[in-house]
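The values are calculated or read from the model by the stated rules, or taken from the named source; none is laboratory data. Please read these numbers as outputs of a predicted model, since none were measured by experiment. Cβ sites come from the backbone with ideal geometry, for glycine too, and all protein chains shown count toward neighbours.
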Amino acid sequence: MQPDKKIRSYDKIVIGAGLYGLYAALKCGRMRQKVLVLEYDDGPFKRATYINQARIHMGYHYPRSYATAIKSAGYFERFCKEFDFCIHSGFKQVYATATNFSWTNAAQFRRFCAAAGIMCEDVDPNRYFNDGMCDGVFLTQEYTYDAIVLKESMLEWISKVPSVEIVYGARIASIRKADEHFELDVANEGTVASDFVLNATYASTNQLISRMGYEPFKIKYELCEMILCSAAGKLNDVGITVMDGPFFSIMPFGMTGIHSLTSVTFTPHKTSFETLPTFDCQKKSLGTCSPEQLGNCNECPSRPETAWEYMSHMARKFMKPEYSFDYISSMFSMKPILKASEIDDSRPTVIRRHSVNPTFISVLSGKINTVYDLDEVLTI
Amino acid sequence: MIRDREKNFVSAIVYVRNNQEQIKGFLAKLMGVLSENFEKYEIICVDDQSQDGSVRAIKDMSNDFDSTVVSIISMGYYQGRELSMNAGVDLSIGDFVFEFDSVIMDYDPSLIMQVYRHSLKEGFDIVSAAPKRVNRRSARIFYSFFNKFAKYHMVLRPETFRILSRRSINRVHSLMVSIPYRKAVYARCGLRVDTIQYMPTIARHKVRDRAVASYKSGLAMDTIVLFTDIPGWFVNIMIFGSLFAIVFFACYMLYVVYGAGQGIRLWMVASLIVSIALCGLFTCTAIIIKYLSLIEGLVFKRQKYVIESIEKIAK
């Protein structure tokens, strides 16, 4: 740091330009606050916001956690209204409970949907699935968002708010608490300061928290693969999710016209139970990734081999052959999972205030439409 | 040298019950064979409530699981080999599925591929590997008894592992909701099945496990009731025998009353005959109750088996 260089100060500094980071920046910018967004990658939405199934959750995924389900359903409508331009809703979303190994059976799922007040229409299992594979099949209401379209609009909106500044490729050399504010030394940018820092880095959240010496989240990490497939035949306007157990999901991926495929068993390739994400593939990442600073798994030289054979075999074991699909490509990203949520499979949004005045807040959430959970901490 | 590996995706289901000594060696040999011959495969270990360090031993090997996916199904309580293996097969996703009923490899590992190729080349949907020599006397008695009286002229023998095509798995599941005894169900699934016999390379030593022993005798009884004609014959013999005894008794009564006209010793004989008839009826009732309980198990139970967890072993 050059001593003559002036410290630039901001109302808020947001770390991470995923949806949560940009949403926070835009919201605060519109309140005429001066906001700086620091993003490690060379562009926004390069990790979890883009690399996931792009599902706008209505709650169907959480039949063992009413709280998560009802909250998702509540935000569903608001998200669909505000972001309708990036939403693909013109397909049949089918949820099914498997005959074997499911933690939820057909009757329980029906009861759950009734209690959560979400649509659930019985469909003949033999329409989509091989004989005996599923005991309940339901037509549901759930959509998918297009991360690229969403990104373009977010950037356009932000460009109209002059008080928001985004730095890509930002390398935070150091971060410290100084009296009433935080100071960050950012390579090529000098020192920036604010009395409000929002950590919206998702998988890197503990890495940042640890640098500050605060208490990290109790999370495990999964290196996940999502497969993009073409589904030109009968599957084209259908999304299928066999849920709550070691199953799979194949559904339209935003407005791209192709499908995404994931499976509970085969999507996670490697797991780390350490506080900081520690993986053996980091050694082969040519220095781009370490337990202290995650690189972008999707661009990593030591990306794992695809599990396409496994995922496609699982899906084909369940689905009738006329619902066919073919491999296009794989995408990888790091997923943090709260350890406490394994039994009820809930996915709460966790917001932690590590420090107040100056304020340091971390947000961790696995769903796109719960972004509104941020509102309460931003308006203070 | 790059060999042409099979494109078919295979699953291997391995039954584990207190095998901490053998499991590592077994998995190493199994993975050796499968990695050499298949591009992609999965291994599913079904742990039937092992009381020793079997699960630990499997997890210890996780570093060797580089080229494949290994999962462990933990059964909720001891449920025996049949239900445990059914759970494994239900989870498997392979085009072909190996069932390893035991981790004791008393055969050369090359037999695994021999069984696979026999299935593929000769068009058998199910091919089993069976030892030529059976040491356990109880097993010998059971199989000779079973084969003598089995329905549909089934011939069963002790088997160590087998391969199933996906088609045969689908067929078997469309025949029966739950599968009480796999070998008997596979033998009558209507598809082509075959057995390869081998000379065991090592002798299996007997392991004392009370839960297993009582499970096996129960399974033997159930199998005999379900898959042989013995109970049917027995019921017929007893019913007709009892009928005959009662008719005979009636005739004898008539003879006593209208013919000879004398007493006490005759009544004793008569009671004896009645007791025999009743005895037969009670036995039939017992057999009918056994049938009903089996039907109850097959038809009314919602869950075929109870599992505690399914876990993919991560590297």
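Checking B:SER74 against (1) within 11 Å of chain A (Cβ to nearest Cβ); (2) in a strand (DSSP E or B); (3) in contact (Cβ under 8 Å) with a residue 60 or more places away in the chain, which test does it fail?
Going through the list (1) within 11 Å of chain A (Cβ to nearest Cβ); (2) in a strand (DSSP E or B); (3) in contact (Cβ under 8 Å) with a residue 60 or more places away in the chain, B:SER74 breaks only (1).
Based on what the data block shows, is A:TYR327 within 14 Å of another protein chain (Cβ to nearest Cβ), closer than 29 Å to A:ALA232 by Cα and either in contact with an Asp or Glu (Cβ under 6 Å, 6 or more places away or on another chain) or part of a strand (DSSP E or B) (or both)?
Yes: the conditions hold for A:TYR327.
Please find, among B:GLU122, B:GLU36, B:GLU82, the residue that is away from every other protein chain (no Cβ under 14 Å), under 27 Å from A:PHE101 (Cα atoms), acidic (Asp, Glu) and touching a residue at least 24 places away in the same chain (Cβ under 8 Å).
Residue meeting the stated conditions: B:GLU82.
Taking segment A:169-200 as the region of interest, how many residues are at positive phi and either of a type in the set (S, T, N, Q) or buried (at least 18 other Cβ atoms within 10 Å of the Cβ) (or both)?
Adding up the residues that qualify gives 1.
Looking at B:PHE248, B:PHE234, B:PHE227, B:PHE240, which is the one that is in contact with a strand residue (DSSP E or B) (Cβ under 7 Å, 6 or more places away or on another chain) and either touching a residue at least 40 places away in the same chain (Cβ under 8 Å) or not hydroxyl-bearing (Ser, Thr, Tyr) (or both)? Before you say what the answer is, go through the steps one by one.
Values: B:PHE248 fails: in contact with a strand residue (DSSP E or B) (Cβ under 7 Å, 6 or more places away or on another chain); B:PHE234 fails: in contact with a strand residue (DSSP E or B) (Cβ under 7 Å, 6 or more places away or on another chain); B:PHE240 fails: in contact with a strand residue (DSSP E or B) (Cβ under 7 Å, 6 or more places away or on another chain).
Testing whether each residue is in contact with a strand residue (DSSP E or B) (Cβ under 7 Å, 6 or more places away or on another chain) and either touching a residue at least 40 places away in the same chain (Cβ under 8 Å) or not hydroxyl-bearing (Ser, Thr, Tyr) (or both) leaves just B:PHE227.
Yes/no matrix, rows are residues, columns are (1) hydrophobic (A, V, I, L, M, F, W, C); (2) surrounded by 14 or more Cβ atoms within 10 Å (Cβ to Cβ); (3) in contact with a Pro (Cβ under 7 Å, 6 or more places away or on another chain):
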site: B:GLN197; (1), (2), (3): no, no, no
site: B:VAL207; (1), (2), (3): yes, no, no
site: B:ALA211; (1), (2), (3): yes, yes, no
site: B:TYR215; (1), (2), (3): no, yes, no
site: B:ALA220; (1), (2), (3): yes, yes, no
site: B:ILE224; (1), (2), (3): yes, yes, no
site: B:PHE234; (1), (2), (3): yes, yes, no
site: B:ILE237; (1), (2), (3): yes, no, no
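Residue check: is B:SER92 over 24 Å from B:ARG166 (Cβ atoms) and touching a residue at least 40 places away in the same chain (Cβ under 8 Å)?
no
Every residue in segment A:29-60 that is more than 18 Å from the chain's Cα centre (by Cα) and either surrounded by 24 or more Cβ atoms within 10 Å (Cβ to Cβ) or assigned to a loop (DSSP other than H, G, I, E, B) (or both), please.
Taking segment A:29-60 as the starting set, the residues that turn out to be more than 18 Å from the chain's Cα centre (by Cα) are A:29-38, A:42.
Those that are more than 18 Å from the chain's Cα centre (by Cα) and either surrounded by 24 or more Cβ atoms within 10 Å (Cβ to Cβ) or assigned to a loop (DSSP other than H, G, I, E, B) (or both): A:MET31, A:ARG32, A:GLN33, A:LYS34, A:VAL35, A:LEU36, A:VAL37, A:LEU38, A:ASP42.
Could you list, in sequence order, the residues of segment A:213-223 that are crowded, with 22+ Cβ neighbours inside 10 Å and among the hydrophobic types (A, V, I, L, M, F, W, C)? Please lay out each step first, then the result.
Taking segment A:213-223 first, the residues crowded, with 22+ Cβ neighbours inside 10 Å are A:219, A:221, A:223.
Selection gives A:ILE219, A:LEU223.
So which of B:SER11, B:SER92, B:SER67 is surrounded by fewer than 20 Cβ atoms within 10 Å (Cβ to Cβ), facing chain A (nearest Cβ under 10 Å) and more than 27 Å from B:ARG133 (Cα to Cα)?
Going through B:SER11, B:SER92, B:SER67 in turn, the sole match is B:SER67.
Kindly indicate which of B:SER128, B:SER119 is part of a helix (DSSP H, G or I), in the same structural domain as B:PHE96 (by TED's automatic domain parsing) and not aromatic (Phe, Trp, Tyr).
B:SER119
In segment A:282-307, how many residues are crowded, with 19+ Cβ neighbours inside 10 Å, within 14 Å of chain B (Cβ to nearest Cβ) and closer than 19 Å to A:ILE51 by Cα?
Total meeting the criteria: 1.
For segment A:61-74, which positions are surrounded by 22 or more Cβ atoms within 10 Å (Cβ to Cβ) and part of a helix (DSSP H, G or I)?
Once the filter is applied, which keeps residues that are surrounded by 22 or more Cβ atoms within 10 Å (Cβ to Cβ) and part of a helix (DSSP H, G or I), segment A:61-74 yields A:THR68, A:ALA69, A:LYS71, A:SER72.
On the given criteria, is A:LYS12 of a type in the set (D, E, K, R) and touching a Cys at 6+ places or on another chain (Cβ under 9 Å)?
So A:LYS12 passes the test.
If we keep just the residues of segment A:252-270 that are touching a helix residue (DSSP H, G or I) at 6+ places or on another chain (Cβ under 6 Å) and not in a loop (DSSP other than H, G, I, E, B), which is farthest from the other protein chains (Cβ to nearest Cβ)?
Residue satisfying both the conditions and the ranking: A:LEU261.
Test of understanding: among B:LEU111, B:LEU34, which residue is over 25 Å from the mean Cα position of the chain (by Cα), outside any loop (DSSP other than H, G, I, E, B), farther than 22 Å from B:ASN170 by Cβ and not β-branched (Val, Ile, Thr)?
On the way: B:LEU111 fails: over 25 Å from the mean Cα position of the chain (by Cα).
Of B:LEU111, B:LEU34, the one residue that is over 25 Å from the mean Cα position of the chain (by Cα), outside any loop (DSSP other than H, G, I, E, B), farther than 22 Å from B:ASN170 by Cβ and not β-branched (Val, Ile, Thr) is B:LEU34.
When you scan segment A:271-278, do you find a residue that is away from every other protein chain (no Cβ under 14 Å) and of a type in the set (D, E, K, R), even just one?
Scanning segment A:271-278 turns up no residue that is away from every other protein chain (no Cβ under 14 Å) and of a type in the set (D, E, K, R).
So how many residues does segment A:49-62 have that are in contact with a Lys or Arg (Cβ under 7 Å, 6 or more places away or on another chain) and either closer than 16 Å to A:ASN298 by Cα or without any contact (Cβ under 8 Å) to a residue 60 or more places away in the chain (or both)?
0
I'd like the full set of residues that are more than 14 Å from every other protein chain (Cβ to nearest Cβ), in a helix (DSSP H, G or I) and at pLDDT 90 or above, limited to segment B:151-181. Let's see the steps before the verdict.
Looking only at segment B:151-181, we keep the residues that are more than 14 Å from every other protein chain (Cβ to nearest Cβ), and these are B:151-163, B:168, B:180-181.
Narrowing the set further to residues that are in a helix (DSSP H, G or I) leaves B:151-153, B:168.
Result: B:SER168, single match.
Being within 14 Å of chain A (Cβ to nearest Cβ) and of a type in the set (Lys, Arg) narrows it down to one of B:LYS59, B:LYS29, so name that one.
Of B:LYS59, B:LYS29, the one residue that is within 14 Å of chain A (Cβ to nearest Cβ) and of a type in the set (Lys, Arg) is B:LYS59.
How many residues are of a type in the set (Asp, Glu) and surrounded by fewer than 22 Cβ atoms within 10 Å (Cβ to Cβ) if we restrict to segment B:14-48? Please lay out each step first, then the result.
We begin by selecting, within segment B:14-48, every residue of a type in the set (Asp, Glu); these are B:21, B:36, B:39, B:42, B:47-48.
Subsequent filtering for residues that are surrounded by fewer than 22 Cβ atoms within 10 Å (Cβ to Cβ) retains B:21, B:36, B:39.
Here the count works out to 3.
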